[in-house]
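Chemist: My questions all concern the structure below.
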Amino acid sequence: MVKDRELLASYLEGDLNAFEVFYDRHKDSLYTLLYNRVPSACEDLFQDMFKKFLLAIRKKLPLEPVSYLYRIAYNIINDYYRSRKPKPVSTDQIILSSEDITENEEKIYPEELIRAGLAELAREKPLFYEVIHLHLFGKFTFQQISNILACNINTIASRYRYGLRYLKEYLLSFEKRGKNDDRTNKD
């Protein structure tokens, strides 16, 4: 498989198919990231992101183009919210119980429920969502995520762990509601 940097170098030499391969590799993950963070403007932001990326690589091809592309995506998201002056989100506001979810058996949840959980995480805990999205869907290591988000690697690991805990709690809450609904239907 051709590396992303080589594809972009070929694109800069005039090979449009090389950029198409690069685009196809990363478009779904980036679009999902933008959609979960800014559903109302994701299409415009997606186009702006690639436009800025293409202009930037013409000046200088980055060593890690995918990390650079994600950095642009996060900057666009931040600019979008900054222009709308949202309520500030701080990690100080996160309150977690001391109990950890300790179920050893694996559970399989419907895809729709997992998507809903991820969308909820993106709305409620965007800092956690960023790390989970980059790690699971972008296939980035914690070190790469640390570089993309300009954040300490230990903070990245904590956000990942807390984000997974939030998702598990979300999924378990639906499971408990389902059991309670079954009991009320039997009565």
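Bear in mind these aren't lab numbers, they're just calculated from the coordinates by the rules spelled out. Please read these numbers as outputs of a predicted model, since none were measured by experiment. Don't worry about glycine lacking a Cβ; one is built from the backbone with ideal geometry, like all the others, and counts go over all protein chains shown.
Chemist: Find how many whole Å separate the alpha carbon centroid of segment 66-81 from the alpha carbon centroid of segment 9-42.
Modeler: Their Cα centres are 13 Å away from one another.
Chemist: With the cut-off at 24 Å, tell me which of the pairs K27/K52; K3/K60; K27/K176 have Cα atoms farther apart than that. Display every interim value, and only then the final one.
Modeler: On the way: K27/K52 15 Å; K3/K60 17 Å; K27/K176 36 Å.
Result: K27/K176 exceed 24 Å.
Chemist: Let me ask something else. Sorted by average packing, counted as other Cβ atoms within 10 angstrom per residue and highest first, what order do 109-121, 60-72 take? Don't skip to the end; give the middle numbers.
Modeler: On the way: 109-121: 14.3, 60-72: 17.3.
Descending packing order for the listed peptides: 60-72, 109-121.
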